[in-house]
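The values are calculated or read from the model by the stated rules, or taken from the named source; none is laboratory data. Keep in mind that this is a model prediction, so the values were computed, not measured. A quick note on method: Cβ atoms are made from the backbone with ideal geometry, for glycine too, and the neighbour counts reach across all protein chains shown. Just so you know, the surface numbers come from the protein's heavy atoms only, side chains and all, with ligands and any DNA or RNA stripped out. Shrake-Rupley method; radii C 1.70, N 1.55, O 1.52, S 1.80 Å.
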Amino acid sequence: MPAAAFWQLIDQAAAAADHDAQEQLLVNALAGRTPEEIIGFELTLRQFIIEADDYGIMGAQKIIDGYVSDDPYLYFRCWLIGQGQAVFTAALQHPDSLATVVPGAYECDFESLLYVATKAYELQTGKAEDDTFPRGVALSQGLDYDFMAPPTTGADWEEEDLPKMLPKLWKKFR
């Protein structure tokens, strides 16, 4: 799926009241598309999750939630994507821009975005999940955001670096 089509779907759903509604809007929108388009959504999602694996984004999540571990960091990146293209792009360039977007600590989790394509594919095809499903196809193409993910990009930091690195977020959450 081209990035423009992906972001159009995400941006339309971003206006939803909560993540459950946003998830349902995405599932419904994707379920009306071809299996290839649903797989394309998953591939594009994974590319953006991997792109967002940056020490600046990790630092933002550390300040907001007070800690960083694998699953919450992944769900934070899903939340970031779920905010839409403008927020995502701005955060990758300047993670401190999230200070004006983040509602509060522990509220930046959109784990269910990881399952949107699978649910839509199941609805569209009527099949039970197997290797032909979006996740299996993505993994077969090397798009792993987990154990076989590419290394985190950007400059690593120490906790004492965060106030200078992300001053707006630091001020808001510390």
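Computed values, structure above
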| quantity | calculated |
| --- | --- |
| Neighbour net charge for residue 121 - beta-carbon separation under 13 angstrom, K R +1, D E -1 | -3 |
| Reported label for calculated mean projected area of the Cα convex hull in nm² given (1) 13.0; (2) 9.5; (3) 10.2 | (2) |
| Most to least accessible of 50, 63 (protein chains only, probe 1.4 Å) | 50, 63 |
| Net length gained if the chain between residue 105 and residue 139 were fully extended (0.36 nm per residue, minus Cα distance) | 9.1 nm |
| R0 of 25 Å, Cβ-Cβ distance residue 115-residue 93: FRET efficiency to nearest 0.05 | 0.30 |
| Rel. contact order, % - alpha carbon contacts under 8 angstrom, at least six apart, the chain | 33 |
| Accessible-area value, residue 172, 1.4 Å probe, nucleic acids and ligands omitted, Å² | 100 |
| Sum of side-chain charges, residue 133 neighbourhood, beta-carbon under 11 Å (Lys, Arg +1; Asp, Glu -1) | -2 |
| Within straight-line cross-link reach of residue 171, aspartates and glutamates at Cα separation under 19 Å, skipping those fewer than 8 residues along the same chain | 65, 96, 107, 158, 159, 160, 161 |
| Nearest-0.05 FRET efficiency for residue 155 and residue 28, computed from C-beta distance (R0 41 Å) | 0.50 |
| For residue 94, solvent-accessible area (1.4 Å; no DNA, RNA or ligand), Å² | 120 |
| Cα-based reach from residue 127 at 18 Å (exclusive), listing lysines while leaving out same-chain residues under 8 positions away | 119 |
| Sequence-distant residues sharing a close amide H with residue 153 (under 5 Å, placed H) | 54, 55 |
